[in-house]
1. To the nearest 20 debye, what is the magnitude of the charge dipole of the range 59-216 about its Cα centre, counting +1 on the Cβ of each Lys and Arg and -1 on the Cβ of each Asp and Glu?
2. Filter the cross-link list K152/K233; K53/K276; K88/K192; K137/K192; K63/K233; K137/K204 down to pairs whose alpha-carbon distance in this structure exceeds 23 Å.
3. State whether the range 141-300 is rounded, prolate or oblate according to the following rule on the C-alpha gyration tensor (a ≥ b ≥ c being the square roots of its eigenvalues): a/c under 1.5 gives rounded; otherwise a/b larger than b/c gives prolate, and the remaining case gives oblate.
4. For a quick check: with amide H placed at 1.01 Å from N, whose amide H comes under 5 Å from F113's, ignoring anything fewer than 5 positions away on the same chain?
5. Show E215, E123 ordered by accessible area, largest first, where the area counts protein heavy atoms only and the probe is 1.4 Å.
Amino acid sequence: MKMNDIANAGASSAPSEGWPSPASPGSSASAPSGGSERHEVRKRGGEVVLDVKNISLAFGGVKALTDISFDVREHEIRAIIGPNGAGKSSMLNCINGVYQPQQGSISFRGQTFRHMNSRQVAEMGIARTFQNLALFKGMSVLDNIMTGRNLKIRSNILLQALRIGPAEREEIRHREFVERIIDFLEIQAWRKTPVGQLPYGLQKRVDLGRALAMEPQVLLLDEPMAGMNVEEKQDMCRFILDVNDEFGTTVVLIEHDMGVVMDISDRVVVLDYGRKIGDGTPADVRNNEDVIRAYLGTSH
């Protein structure tokens, strides 16, 4: 199932106003291969949708981020890379309001914020997955993904508890939307299975599905392929590319697999010890001497 099918379902499920229309369907994303060819045919990003300026974050005397600036353009896949401890996850935590930086600002669609609030960020259309899975292990796949619809529910809590009248009809619409996400992620066979019983790779898909249930304009992915084997990585790449290409969702991606980063990203920002040492296309970053020394290693 393609993402435009989910979009059509969302039209009858009271989607948020900011949920983008699907792009041209029919271009099936393949597993990563031929990065340079991929960049020849990828659409370029549009206007700046997320602008990070001079962000500094410290925990006591430990500086996690120092004067970090970069932007994210609409419809692009923007990767953030760097060694362990470089500040990548801290940067995402600043964007979605988990951490409050001491300096700098973040702008989303022209609105500038000194500090982001997690609920406010979610309501604006920014969704997040986590490096360490934060799923409800005792709940089913369907119910975990349903939690991503929380901000879309309009019925009051009493009607929801009783499941009567408009609350019941609304829940049915949301469940239909979630079922289409389950079809898209190819996890139909496990829809009623408790998440804690699933292998790690499938739990990662559920985590992605919960974020997609929010109908995000910007999707923040924190190491979505960590711990996966080659086949699982290929599947996850395909899902990310389909979301970006067909649904027009902007993606900000943290990933350690350089093959994945160089193949699917439009632009890459590189962090090292909390400082930005590189920013540009995958080709630019691949040939950046500072990046080679700090992250990719040097030849001897």
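The values are calculated or read from the model by the stated rules, or taken from the named source; none is laboratory data. Given the structure is predicted, the values throughout are model-derived calculations rather than measurements. Backbone-built Cβ (ideal geometry, glycine too); neighbour counts: all protein chains shown. Only protein heavy atoms, including side chains, enter the accessible area calculation; ligands, DNA and RNA are left aside. Shrake-Rupley method; radii C 1.70, N 1.55, O 1.52, S 1.80 Å.
1. Computed charge dipole of the range 59-216: roughly 220 debye.
2. K152/K233; K88/K192; K63/K233
3. prolate
4. Amide H to amide H, under 5 Å and 5 or more residues apart or across chains, F113 pairs with I106, S107, F108.
5. Order by accessible area, largest first: E123, E215.
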